[in-house]
Amino acid sequence: MSKTVRAAIVQTEWTGDTESMVQKHIDYAHQAAEQGAQVMCFQEIFNTPYFCQVQDNEHFDTAEAIPDGSTMQRMIDLARETGMVMIIPMFEKADEGFYYNTAAVIDADGTYLGKYRKHHIPHVTGFWEKFYFRPGNMGYPVFDTKVGRVGVYICYDRHFPEGWRALGLNGAKLVFNPSATSRGLSSYLWKLEQPASAVANEYFIAAINRVGKEPYGDNDFYGSSYFVDPRGQFVGDVASDTDEELVIRDLDMDMIEDVRKLWAFYRDRRPDSYDNLVAP
C-alpha cells in the first residue's frame with residue numbers, strides 16, 4: 001500500500017503584534033489538522049515581523065529560548081492537541097550574546113525532537129541578518145518523526161547545494177525551507193532552486209514564504225509557497241503571491257524509492273573526487 005503523508009504549510013501577513021501572530025498560526029494549525037494534515041511548518045521567524053530589514057537592538061528582546069521559552073511551550077502543546085508533527089521557525093536566544101535563526105521540530109505527541117540553526121547568514125541591504133544571528137553550529141540534523149525523516153533548511157540556505165545534499169545523505173525524505181523572501185533580484189530563483197534541489201537529492205521539499213508588506217523596510221514578500229516532489233514537479237498549485245494561504249498536499253512517499261531506482265544519483269556520487277570543493 002502506498003504511503004501518503006498529508007502535509008501543510010502556511011504563508012501569512014504580519015498582524016501587528018506577536019500575540020495575535022502566534023494566535024493566527026495556532027488557528028491555521030487547527031484548520032490544517034481538521035483537514036487531516038499530519039505535519040505542518042510555519043514561515044521563517046513566524047511570530048515576529050521580518051525585522052532584519054533594519055539593524056536595531058530592540059529586536060533582540062523578541063528572541064526566546066528553545067525549547068524552554070513560552071512560545072515554544074505553546075507550540076509543544078499545539079502539536080499534542082492537533083496530533084501533527086510541527087516545524088516551528090523562531091528567533092532563538094541561546095545565551096547572552098548568542099542568537100540564532102532556528103527551527104524546532106516537535107513530534108505529533110508533543111515530544112521536542114531538536115532544532116536546526118540556519119547556517120548561511122546574509123548581510124546585504126534589506127537582509128541585515130549578521131547583525132542578529134550567529135551561523136548555525138549544529139550540523140544538518142534529520143529528525144525521525146511520526147511522518148518519517150524530516151529535515152530543515154532556512155531561507156538563504158537554499159542557495160547553497162551542500163546543505164541540501166547533507167540532509168539527503170543523513171536520510172531526509174521531506175525537507176522544509178521556511179523563508180522570508182521579497183520581490184527583487186532573487187525572485188525568479190524561487191521556483192527554480194527548490195525543484196532543482198528536490199531532483200538532485202531525490203526527496204520532497206516544502207518551500208514556505210511570507211506574504212505582504214511589513215513595518216520595516218520596503219520589502220514586499222511574495223508568498224508563492226509550494227511543495228515539490230523528487231521529480232522536480234509541483235504538487236498541486238503554487239500558492240498566491242499576494243494573499244494568505246494554507247497549503248495542504250498529499251505527498252506520495254513511495255515516489256522517493258521509485259525515483260532513486262530510476263535516477264541513481266546517490267549510487268553514482270564520487271565523493272573521492274570532491275575534496276577540493278571544501279578546500280579553504
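Each row is one residue, and each column tells you yes or no for (1) among the polar types (S, T, N, Q); (2) without any contact (Cβ under 8 Å) to a residue 24 or more places away in the chain.
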residue	(1), (2)
Tyr156	no, no
Ala172	no, no
Ser187	yes, no
Ala198	no, no
Phe204	no, no
Glu214	no, no
Asn219	yes, no
Gln233	yes, no
Gly236	no, yes
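Could you grab me the full set of residues in the range 180-193 that are surrounded by fewer than 24 Cβ atoms within 10 Å (Cβ to Cβ) and either of a type in the set (S, T, N, Q) or part of a loop (DSSP other than H, G, I, E, B) (or both)? Answer for the range 180-193, where residues must be surrounded by fewer than 24 Cβ atoms within 10 Å (Cβ to Cβ) and either of a type in the set (S, T, N, Q) or part of a loop (DSSP other than H, G, I, E, B) (or both): Ser182, Arg183, Gly184, Leu185, Ser186, Ser187.
Quick one: would you say Ser197 is assigned to a helix (DSSP H, G or I) and not hydrophobic (A, V, I, L, M, F, W, C)? Yes.
In the set Ala103, Ala37, only one residue is crowded, with 16+ Cβ neighbours inside 10 Å, under 16 Å from the mean Cα position of the chain (by Cα) and of a type in the set (Gly, Ala, Ser); that residue is Ala103.
Only one entry in Thr71, Thr48 is in contact with a helix residue (DSSP H, G or I) (Cβ under 7 Å, 6 or more places away or on another chain), more than 24 Å from Thr145 (Cα to Cα) and not basic (Lys, Arg), namely Thr48.
Can you confirm whether Gly97 is over 20 Å from Thr12 (Cβ atoms), surrounded by fewer than 22 Cβ atoms within 10 Å (Cβ to Cβ), among the small types (Gly, Ala, Ser) and free of Cβ contacts under 8 Å to residues at least 12 places away in the same chain? In short, yes. When the residues of the range 147-179 are filtered to those that are among the small types (Gly, Ala, Ser) and within 10 Å of the chain's Cα centre (by Cα), the one that is nearest to Asn201 (Cα to Cα) is Gly151.
Of all the residues that make up the range 60-70, how many are under 19 Å from Glu13 (Cβ atoms) and crowded, with 19+ Cβ neighbours inside 10 Å? Residues that pass the stated criteria total 0.
FYI, it's all coordinate maths here, none of it is from the lab. These numbers come from a predicted model, not from an experiment. Here the Cβ is made from the backbone with ideal geometry for all residues, glycine too, and neighbour counts use every protein chain on show.
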